[in-house]
Amino acid sequence: MDPQQACCPNLDCPARGQVGQGTIRVHRQKERRVVWTVCGRTVAATHGTPCSRLQRPAGLVLVVLSVLSWGCPVQAVGHPCRLDERTVATWLQRAGQHGQHVHRSLVQQGQVERQQVQADDLCGSRHHFGNSVR
C-alpha cells in the first residue's frame, strides 16, 4: 500500500479527501496501520476492502477470490485451502458487496464516465481507504 495515495476515512477530518499532501504516515509497520497527522485516526491497511478484519492472510483471500472469479466452485476452492466452504462463500459475498459499492460510488455517481476501469485503478478513491494488500 502506498500511504500517500490514501484518504482519511474520518468524516470529520479537515484533511478528508486530500491525497499526496503529507497528511498520512505509517503508524505501525508490523500491524500494517497508518495514522493521519491532522486528526490522529489510525486504521489498518486493509480498511475498506474485502480483506478488512479477516483472520486469514490477505494473500490467501485474494488467491481464493481469484480462483472463484475463474468459475471454480466454492466447494472445490475450500478443500485444498483447508477452508470451510461457508468461509469461502462469505469471502465471495463480501467481495461482491464491495464491488457493488465501488460501482455505485464511482460509476453510477458519475465519477468515472464512459471509460474502462480496472479494480486496481480504484485503490486511491476517496470512498475507500487503499485496497493494496501486498
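Derivation of every value follows stated rules applied to the coordinates shown; laboratory data play no part. Not measured: the values here are computed from a predicted model. Positions of Cβ are backbone-derived with ideal geometry, glycine not excepted, and every protein chain shown enters the neighbour counts.
Could you pull out the trypsin sites (Lys or Arg not before Pro) across the range 38-82 that fall in loop regions by DSSP (anything but H, G, I, E, B) with no more than 13 other Cβ atoms inside 10 Å? Here the trypsin sites (Lys or Arg not before Pro) that fit, given the DSSP loop and packing criteria, are 53, 82. If I take R0 = 35 Å and measure r between the Cβ atoms of residue 69 and residue 28 in this structure, what FRET efficiency does the formula 1/(1 + (r/R0)^6) give, to the nearest 0.05? E between residue 69 and residue 28, to the nearest 0.05, is 0.65. Between residue 55 and residue 18, what FRET efficiency follows from the Cβ-Cβ distance if R0 is 25 Å, with the result rounded to 0.05? For residue 55 and residue 18, the calculated efficiency is 0.15. Amide H to amide H, with H built 1.01 Å from N, residue 7 comes under 5 Å of 130, counting only residues 5 or more places away or on other chains. Neighbour counting of Cβ atoms within 10 Å sorts the residues 51, 81, fewest neighbours leading, into 81, 51.
Measure off 7 Å from each Cα along the Cα-to-Cβ vector at residue 81 and residue 37, then give the distance between these two points in nanometres to one decimal. The answer from the label model is 3.8 nm.
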